[in-house]
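Notes to accompany the following structure.
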Amino acid sequence: MTFGPYLRVVRERRLSTDRSYSLRQVAHRVRVEPAYLSKIERGVVPPPSEETIRRIAADLEEDPDVLLALAGKVSRDLQEIIIRRAPLFADLLRQLKKVPDHAVLRIVREVRDGVW
């Protein structure tokens, strides 16, 4: 699923139990025009800036990295990390494509916990 339709599904799911997730109210909270948010959700316009995506993610309680990925974007902090070691990260990501999720999770835990 692409960014806009995914966003709409998430917002409408929340709307089904909480009326404060109407298109207008979400647009107001994330500081965009309702018409613009509608166009984003329908895929009429490309995804917004990283800052706007982060505000949307916070409002909808979604992972900003997931929304950024669906938007075809990478956060600035990750870009800086990747740029510093571009060949290594490119190779790592290509190799991880073939690895099952549980193995990736194990690698992440080992790196996070400093287990070498």
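Observations on the structure shown:
- The criterion of at least 3 residues that are farther than 17 Å from M1 by Cα is met, among helices (runs of 4 or more DSSP H) falling completely within the range 37-116, by 50-60, 76-84, 86-96, 101-113.
- Pairs with Cβ under 7 Å, 6+ apart, first in the range 20-35 and in the same structural domain as E61 (by TED's automatic domain parsing) and more than 15 Å from E51 (Cα to Cα), second of a type in the set (S, T, N, Q) and surrounded by 15 or more Cβ atoms within 10 Å (Cβ to Cβ): L23/S38
- Matching residues in the range 84-95 - criterion: being farther than 30 Å from G43 by Cα and exposed (fewer than 12 other Cβ atoms within 10 Å of the Cβ): R84, R85, A86, P87, L88, D91, Q95
- Scanning the range 73-101 for residues being within 18 Å of the chain's Cα centre (by Cα) and not hydrophobic (A, V, I, L, M, F, W, C) gives a total of 6.
The values are calculated or read from the model by the stated rules, or taken from the named source; none is laboratory data. All of these numbers come straight from a predicted model, not from anything done at the bench. Heads up, the Cβs are rebuilt from the backbone with ideal geometry, glycines too, and the neighbour counts pull from every protein chain shown.
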